[in-house]
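Structure first, commentary second.
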Amino acid sequence: MNFQIAVLLGQDGITNGAIYALLALSIVLVFTVTRVLLIPQGEFVAYGALTMAAIQAGQPSAVAWLVTLLFAASAAVDVALLLMRSERAVPLRWMFAGKLVYPLLMLLAVYKLPLATMAMPLQIALTLALLVPLGPLLYRLVFQPIADAPALVLLIVSIALHVSMVGVGLLVFGPGGASTTPLVDAIIEVGGVRIKAQTLCVIAVALLLIGALYLMFGRTLYGKALRAAAMNRMGARLMGISPVFAGKATFSLAALIGAMSGVLIAPMTTIYYDSGFIISLKGFIGSIIGGLVSYPIAAIGAVVVGLIEAFSAFYASTYKEIIVFTLIIPVLLWLSLTSKHVEDEE
């Protein structure tokens, strides 16, 4: 291996590691706030990439109908609960207005706008507008009714949701793969080293998202409320922080990060309806390295996973996945030997 090859492998490793770091942060965030190990995080990545590809191909994405169906199901559940409590006045009107107007706007957007000729920032914005609501809707329909269940039950439901979303992905996007146009198609030469502008763009967006999350959690009231819910759910509840709000907010962030990760990774590889699981599994290894509690260590661990994957592909491409996933064994042994068993506060 010469210096030029090492630089190219390092670029790929850091680029993939930046994506894995975003997924690791979202997995840690969702787990600390809701105790849900979000196995379907990778499906947001696959949906983001395939929705962006459909928009660039000028095809109305069936995701809009999926969003409409979930909004209608959520509204039906809320209306049924209100009727059971005899609360029939104003909330019903506003509920229908809020939960049915948005999906209708999305349907109009995907069928009336010139999708293929829109500027790329507008295509990305439409992709995020379609997919981010999936996060809070799935929390409302799947996890909110069992929010107080044991962690093992939440894990089983999360696995079931992952399997369901893979099936829905096959139905919505089909079995074929897709990739998208690079965000930036250029090569930058620095000191004789050729660096892809797409690589720099991915790293910059990842750092921007991480910085935005840092500012949100450190400087905003809603971010501090989520931190409080992550540190002590019962204490946060006693202080008036709604666990429903915390759950929906974290799932919204997870969907945003997952969909944006899909948009970033789609120009670099072909994404299929079931590609998200392997991608999120590598982010999960990063979050395990961080003990599912430490954001900085999870992000660093995810970048290390990306680098090891890139160099493993050069030296032993057949075994690269095995080498990456073997990383989790010594980490689990270390955590098992050093962590104390803590009873669930609930």
All alpha-carbon distances of the chain, grouped into 10 Å bins from 0, give the whole-percent distribution 5, 23, 33, 25, 11, 3, 0, 0
For Met239, Met52, the accessible-area ranking with a 1.4 Å probe, largest leading, is Met239, Met52
Of every hundred units of 1.4 Å-probe accessible area on the chain, the number belonging to carbon and sulfur atoms, as a percent, is 72 percent
To the nearest 20 debye, the chain has a Cα-centred charge dipole, built from +1 on Lys and Arg Cβ and -1 on Asp and Glu Cβ, of 760 debye
For Ile241 the rounded accessible area (nearest 10 Å², probe 1.4 Å, non-protein molecules ignored) is 40 Å²
Taking a straight Cα-to-Cα line shorter than 26 Å from Lys320, and setting aside same-chain lysines fewer than 8 residues away, one finds Lys196, Lys282
Taking Glu43, Glu189 and ranking on accessible area (1.4 Å, protein atoms only), highest first, one gets Glu189, Glu43
Here the gain from full extension of Val184 to Val7, 0.36 nm per residue of separation minus their alpha-carbon distance, amounts to 61.7 nm
Per-residue ellipticity at 222 nm attributable to helices in the chain (runs of n ≥ 4 DSSP H, -39500 (n - 2.57) apiece, nearest 500 deg cm²/dmol) works out to -24000 deg cm²/dmol
D (µm²/s, integer) via Stokes-Einstein for segment 164-220, Kirkwood Rh across alpha-carbon pairs, 10 °C, 1.306 mPa s: value 107 µm²/s
The correct ranking of Leu171, Leu8, Leu108, Leu226 by accessible area at 1.4 Å, largest first, is Leu171, Leu108, Leu8, Leu226
For Phe143, the net charge from surrounding residues (Cβ-Cβ under 11 Å; K, R +1; D, E -1) works out to +2
The extension gain from Met84 to Leu155, computed as 0.36 nm times the residue separation minus the Cα-Cα distance, is 22.6 nm
Taking the alpha-carbon centre of each part, the distance from segment 254-271 to segment 132-200 in Å is 7 Å
Scattering profile of segment 1-80 from the Debye formula, Cα beads only, expressed as log10 I(q)/I(0) at q = 0.27 Å⁻¹, is -1.11
So the FRET efficiency between Lys112 and Leu337, C-beta based with R0 = 56 Å and rounded to 0.05, is 0.40
Quick shape summary for segment 37-78, equivalent ellipsoid via Cα gyration tensor, semi-axes whole Å in descending order, reads 22, 17, 4
For the chain, the helices passing both cut-offs (Cα extent along own axis of 27 Å or more, Kyte-Doolittle mean at least 1.0, full DSSP H runs) are 3-34, 63-84, 90-112, 151-173, 197-219, 243-265, 295-315
Normalised per residue, the volume inside the convex hull of the alpha-carbon atoms of segment 126-257 in Å³ amounts to 169 Å³
Placing +1 on each Lys and Arg Cβ and -1 on each Asp and Glu Cβ in the chain, then taking the dipole about the Cα centre, the residue among Thr199, Leu38, Ile323 whose Cα reaches farthest towards the positive end is Leu38
In Å, the C-alpha Rg and Dmax of segment 282-337 are 11.3, 34
Under a 1.4 Å probe, counting only protein heavy atoms, Asp274 has an accessible area in Å², nearest 10, of 80 Å²
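The values are calculated or read from the model by the stated rules, or taken from the named source; none is laboratory data. Note that this is a predicted model, so its numbers are computed, not measured. We place every Cβ from the backbone using ideal geometry, glycine too, and count neighbours over all the protein chains shown. We work out accessible area using only protein heavy atoms, side chains counted, and drop any ligands, DNA or RNA first. Shrake-Rupley method; radii C 1.70, N 1.55, O 1.52, S 1.80 Å.
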